[in-house]
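In what follows, a structure is listed as structure tokens, so that the remarks can point back to it.
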């Protein structure tokens, strides 16, 4: 393929000032690499937070009574949760569905008492959707054929000084406003790795919550998806299929403080990337402008020989594009290995937080934060570098075509 005159001239100009060209490419490459690394890390952090929130019991989405988003009351129940369960179970993209019912209660053993949120679950699916109860350190998880049983966290068991097969007195407020009590046998003790989380886990079968509270049915039906990117589309689809008696909420609405933290991280990343690109932009522009000032007489001669201002601008823009392309390649050479390392090995924040117990808002996080990695890094690198170099070439190009040939050709004696 034959290069245009403008491109060939731009290449010759860059080769003539090789040191400046190399420094410009190095600056573009390093700036792009840092941006790629930061974007990859924050994207991975966002995915990790979403996964942690969804698999800590919140799910990707829930179907709840219409009044729940405003009141968040535990005594609300779905009118026909089994029908809702079937709708979700047969929805494309949903991997697991499970019902819940919650109530505030007191656990007592001897003279020891602890207040907790008691969660009624489907024992067949709860461990699939909630990783907090997957590690049963002692005993086993709930089974549907064993009513009157409970699973508690290690910290809660220590607080009550109980062990496997010990009976717990459970007291809750019933639907009629009267206190209701029952004895539940401990069949399992779970450990999440977080003492705070282990102090609030108390799961029972859904039927036991119905019996204790006098409120039939489930309070929500929670689902996990195979592709969280389709979450908003699925919420919109379900809203159209359900009556006004129900509301579809996502993990962001269930855990707004965690969603806000994710948005803050993304905002700071965009701000930092923007500042880095501005620094790169100003550096390239100053270098291009210096090149224009050095070549004023050269441009004047070209203008005198008949080169149009449009072609002169194309020369400057061609130089910017070449610098951007070479800077993109260098940015990929620096940024891709760093992004790959943080995606495979991660960054361990254990020492920073002083503990491996990393839990926020009843969500358990892995202290090793991993970044995102994929083919999207390649077009992003070219987009960052080319946008910076082309934009930074506009003012020097405008300055070059505005140069008066007669004034530029004067030679001071």
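The values are calculated or read from the model by the stated rules, or taken from the named source; none is laboratory data. Worth saying up front: this structure is predicted, and the values here are computed from it rather than measured. With ideal geometry, Cβ positions are generated from the backbone for all residues, glycine too; neighbour counts draw on all protein chains shown.
Here is a list: 23, 14, 36. Which entry is crowded, with 22+ Cβ neighbours inside 10 Å and assigned to a helix (DSSP H, G or I)? The unique qualifying residue is 36.
Filtering segment 200-230 to residues that are over 21 Å from residue 249 (Cβ atoms) and without any contact (Cβ under 8 Å) to a residue 60 or more places away in the chain leaves 211, 214.
When residues of segment 56-70 are filtered for being loosely packed, with under 13 Cβ neighbours inside 10 Å and either in contact with a strand residue (DSSP E or B) (Cβ under 9 Å, 6 or more places away or on another chain) or under 20 Å from residue 212 (Cα atoms) (or both), how many remain? Step through it out loud before you land on a result.
Within segment 56-70, the subset loosely packed, with under 13 Cβ neighbours inside 10 Å is 67, 70.
Retained after the next criterion (residues that are either in contact with a strand residue (DSSP E or B) (Cβ under 9 Å, 6 or more places away or on another chain) or under 20 Å from residue 212 (Cα atoms) (or both)): 67.
Number of matching residues: 1.
In segment 369-381 there is at least one residue matching the filter, namely being closer than 30 Å to residue 131 by Cα, under 17 Å from the mean Cα position of the chain (by Cα) and modelled with pLDDT under 85.
In the condition set (1) surrounded by 14 or more Cβ atoms within 10 Å (Cβ to Cβ); (2) without any contact (Cβ under 8 Å) to a residue 12 or more places away in the chain, residue 233 is compliant with all but (1).
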